[in-house]
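Here the structure comes first, spelled out in structure tokens, and everything after it is commentary.
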Amino acid sequence: ERESISISDGWDILDRHGFQVLSRVLLDESRECQKPFGAKGFSSLFTLSFQMCNQPHDPNCSDKIYQLVKTEIERFVRESVVEPLLEPGLAGVSMIVKFAKAWTNSKLYAKWTARLFAHLDRSYSKINKVSTITGLNMEAFRRLGFAQTRSRITHGWLELVDKDRHERPVDLDQLKSSTEVFLAMGNCSDEVCRTVESVDRLLELKQNLDDYKRYLEAPFLEQSREFYASKSAEWLQSGSVADYLKRCEESLEKERSRCAAFLHQSSWPALHACLVQALLADDCHQELVESPSGLAHLLEHGRSEDLRRMYALLALTPRGVDAWMVGAFQGFVRREGHKLVAAARGEMEANQDQGQSSSSKGSDKGAGKGAAASAVGPGLGMIVKMIALHQQVQGMVELLFAKNTNFQKAAHSAFEAFVNEDASGKLSNVELLVVWVDGVLKGRDVAEKLDERAAELRLEDSLRLLTFLHDKDLYVALYRDALAKRLLNSKVASLDLEKAFVTSLKRLMGPPFTRLLEGMLLSDFALVEDQARDFAQFLTRESSGNFLGQGGGGERGGERGG
């Protein structure tokens, strides 16, 4: 029969060779706590604790040992955690350094006490539905350590975050360790503590974030709001809009990294909303748009990266893009278009004046033709530049503004405004577009010769301008006349290209607009070709029969010729 061990004698051994040794190792920063008792020491202590809980003549030993362990855990928390953190001069960063160390020690203390008394977890705790040894450690830390030092920990933690934001050296592991405490304490409910096997397992459970959000996240968000509101005013006064946008973007990225480094992932949406409110508040929008270095400046100077950045940032606000950027973008496109019309008009007038001065004599009809001719060159140049502007604007909408439909509508409205503004009183923009398309279908773009692929691309561009014209009926009528001339004068560069363009017009404007054009290409032109071929064959036969074989036929031929 196993010899009985008195509670007092056994506990004295466990205290001197177990708890006291563990405390000394944890508080000695020069030593590591991998095996505080050594391999044989741990085995002996565990065997002793097990035998003490299984006394043959005392069935209540487990309860007595459990209470002694609980008392020893509370003593460790009071002496090694609470008292050092309540020193009057301890605050700020120094407070967090000590607290991070105290939390690490508490986790190790919980780990080794749970191992020494694992038999209590397997039997006594389950049978009596009381906390495990790990649960006792966490309850003591929450009740004695966390409750009394919580406000000072929060203050020191915020001070360390502020130091990091001012780009001074900070140990992020200390911040993470302190955050971990708030997360762990939220899970220390009675039910969890009855079953939790280790601190690591406690942290892996679905977390109760009440303590974390109330005592850490809320003051952190308030500090963040104040910090970035101050920075926003400072940055707007000291630099350009482009610089401000870069700083905002960098700040969002840095705060995302901070959140990943030492905050719970659930904090990012709230932190992100806080930053957007501070950096991109409504009163900032006007400054970003109307400042001399603002949106208009960025658009006029083609600052693509800054425009992309502004859109991405203002898109984070409820109405930033629609309320401020869309209208400014529409105004920019309209101004650029009116510049093209005004430049073409000026060039046309200069050409007309030059023509009148060089030829003061001439009929009114000749003068009218000269005025129209002086408008063609500048007008075609304007059409080409309008197409180039449309390509530029579409590229901006797609690459910088994420294909936002409001920007597409704004661009369409702006183009409608200036595409229908005639640069010449002699030739409308509709006529100029038809003349330019006629040239392309003849295989040239003003003075440039075109292959079929280049001509096809230019025709696609012309259709984009056509969508903005109000008088599409006039366009079809003029195009039909130009097509007839090309067909009659054999100026068609590619019949396939002509058919493809008419098909594109049909797709854009509907079958009624292109019915006559299709008839000209598919029926009339084919009939003319057949008749021309038959006539050529007839001439060949007549020439062969009359001139080579029959003299009389030659006379009749001569009479017809006369």
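Scanning region 416-430 for residues that are open to solvent by 60 Å² or more (accessible area, probe 1.4 Å) and within 25 Å of Ala484 (Cβ to Cβ) gives Asp422, Lys426. Kindly provide the set of residues from region 99-118 that are over 21 Å from Leu158 (Cβ atoms), in contact (Cβ under 8 Å) with a residue 40 or more places away in the chain and either crowded, with 19+ Cβ neighbours inside 10 Å or of a type in the set (Gly, Ala, Ser) (or both), ordered by number. Listed by number, the residues that qualify are Asn105, Lys107, Tyr109, Ala110, Trp112, Thr113, Ala114, Leu116, Phe117, Ala118.
Could you count how many residues in region 176-197 are charged (D, E, K, R), touching a residue at least 40 places away in the same chain (Cβ under 8 Å), out of contact with any Leu (no Cβ under 9 Å at 6 or more places or on another chain) and part of a helix (DSSP H, G or I)?
Selection size over region 176-197: 2.
Among the residues examined, Ile96 qualifies as closer than 30 Å to Lys231 by Cβ and surrounded by 18 or more Cβ atoms within 10 Å (Cβ to Cβ). Going by what's in this entry, would Ala91 be described as among the small types (Gly, Ala, Ser), within 17 Å of Ser151 (Cβ to Cβ) and open to solvent by 40 Å² or more (accessible area, probe 1.4 Å)? Judged against the criteria, Ala91 is a match.
Within the bounds of region 503-514, is there any residue that is over 43 Å from the mean Cα position of the chain (by Cα), in contact (Cβ under 8 Å) with a residue 24 or more places away in the chain and open to solvent by less than 10 Å² (accessible area, probe 1.4 Å)? Yes.
Taking region 155-175, which residues are over 21 Å from Glu222 (Cβ atoms) and open to solvent by 60 Å² or more (accessible area, probe 1.4 Å)? Glu167, Arg168, Pro169, Asp171, Leu172, Asp173, listed by residue number. For region 302-330, filtering for residues that are assigned to a helix (DSSP H, G or I) and either open to solvent by 40 Å² or more (accessible area, probe 1.4 Å) or among the acidic types (Asp, Glu) (or both) leaves 10. The residue that is nearest to Lys409 (Cα to Cα), among those in region 443-467 that are open to solvent by 80 Å² or more (accessible area, probe 1.4 Å) and not aliphatic (A, V, I, L, M), is Arg464.
Which residue out of Gly92, Gly38 is closer than 19 Å to Ile153 by Cβ, modelled with pLDDT under 85 and not β-branched (Val, Ile, Thr)?
Being closer than 19 Å to Ile153 by Cβ, modelled with pLDDT under 85 and not β-branched (Val, Ile, Thr) holds for just one of Gly92, Gly38, which is Gly92.
Residues in region 391-422 that are over 16 Å from Leu466 (Cα atoms) and of a type in the set (Phe, Trp, Tyr): Phe401, Phe407. Residues that are in a helix (DSSP H, G or I), open to solvent by less than 30 Å² (accessible area, probe 1.4 Å) and among the hydrophobic types (A, V, I, L, M, F, W, C) within region 270-286 comprise Leu271, Cys274, Leu275, Val276, Ala278, Leu279, Cys284, listed in sequence order. Pairs meeting the criteria (first residue in region 264-283 and touching a residue at least 40 places away in the same chain (Cβ under 8 Å), second residue outside any helix (DSSP H, G or I) and among the hydrophobic types (A, V, I, L, M, F, W, C), beta carbons under 7 Å, at least 6 apart or on different chains) are His264/Leu209; Ser266/Leu209; Val276/Leu316; Leu280/Leu316. Here is a list: Val341, Val289, Val333. Which entry is of a type in the set (Val, Ile, Thr), touching a residue at least 24 places away in the same chain (Cβ under 8 Å) and open to solvent by 20 Å² or more (accessible area, probe 1.4 Å)? Criteria check complete, one pass: Val289. The numbered conditions (1) modelled with pLDDT of 90 or more; (2) farther than 30 Å from Leu252 by Cα are all true for Ala102 except (1).
Look at region 213-228: where a residue is open to solvent by 30 Å² or more (accessible area, probe 1.4 Å) and a partner is assigned to a helix (DSSP H, G or I) and β-branched (Val, Ile, Thr), sitting 6+ places away or on another chain with Cβ atoms under 8 Å, you get Tyr215/Thr154; Pro219/Thr154; Gln223/Val161. In the set Phe42, Phe76, only one residue is open to solvent by less than 20 Å² (accessible area, probe 1.4 Å), within 17 Å of Val21 (Cα to Cα) and among the hydrophobic types (A, V, I, L, M, F, W, C); that residue is Phe76.
The values are calculated or read from the model by the stated rules, or taken from the named source; none is laboratory data. What you are looking at is a predicted structure, and each value in this text was computed from that prediction instead of being measured. Here the Cβ is made from the backbone with ideal geometry for all residues, glycine too, and neighbour counts use every protein chain on show. All accessible areas refer to the heavy atoms of the entire protein, side chains included, with ligands and DNA or RNA removed. Shrake-Rupley method; radii C 1.70, N 1.55, O 1.52, S 1.80 Å.
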